[in-house]
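Read the structure below first, then the notes.
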Amino acid sequence: LTTESEGFAAPPTAEFSVSPSDPEVGESVTFDASGSNLGDGEIEEYTWSFGDGTREKTRNDPTITHTYATGDSYSVELTVSGTTGSDTTTKMVETTEPPTAALTTDPNPIADVGESIEFFSSGSEPGDGTIEKYNWSFGDGTTTETTDTEVTHSYGTSGDYTVELTVIGTTGTDNATT
């Protein structure tokens, strides 16, 4: 037995990818619906709902970018509409809050040549993860990597030095200078 269906046109099928797959807060996220199937017609519109109250429509471009302001789990919805119908798909996007680096010194900010200066990273925040280590660059070619929130350094010659702290955490990195 053979049957034929006259006049039936296959609707589009919505599909999209997310890059990066684990974005940080404030990072631009690219959503790409070019993997959507046309069905038997043409795609006329891509409607995006990013899960944070933002909705956008595009007509000719299956790719769009979005930036999230807070760390959270977001349900992203794509509806592909075409000449033969529409289809909707959803994916979860988890954004993470990276660490925040903060550094202070004692004495602040002037010391004598050879005098020990204490540098503190205790004001740094871990974001959504944990802080794994602190990388210090003292501006005189000396660097230190540690898990301690305090380091001591002295300078052999007088001058102005820029000290940089890089906090490395499970959800990213951040820098602070003084």
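Amide hydrogen proximity for GLU45: with H placed 1.01 Å from N in the peptide plane, the residues at 5 or more positions away or on another chain lying under 5 Å are SER81. Put the Cα centre of the range 27-63 next to the Cα centre of the range 117-145 and the gap is 41 Å.
If R0 equals 22 Å, the separation of the Cβ atoms of SER116 and THR173 corresponds to a calculated FRET efficiency of about 0.20. Each residue of the range 71-84 is assigned a 3J(HN,Hα), and the resulting list reads x, 5, 9, 10, 8, 9, 10, 10, 10, 9, 10, x, 5, 10 Hz, derived from the Karplus form 6.51 cos²θ - 1.76 cosθ + 1.60 (θ = phi - 60°), x at Gly and Pro. Peptides 19-32, 148-161, ordered by how many other C-beta atoms sit within 10 Å of their residues on average, highest first, read 19-32, 148-161.
The alpha-carbon atoms of the chain define a convex hull whose volume equals 154 cubic angstrom per residue. Rolling a 1.4 Å probe over the protein heavy atoms of the chain, with every protein chain left in place, gives an accessible area that is 42 percent carbon and sulfur.
The values are calculated or read from the model by the stated rules, or taken from the named source; none is laboratory data. Here the structure is a predicted model, which means the values were calculated and not measured. A quick note on method: Cβ atoms are made from the backbone with ideal geometry, for glycine too, and the neighbour counts reach across all protein chains shown. What goes into the accessible areas is simple: the full protein's heavy atoms, side chains included, and nothing from ligands, DNA or RNA. Shrake-Rupley method; radii C 1.70, N 1.55, O 1.52, S 1.80 Å.
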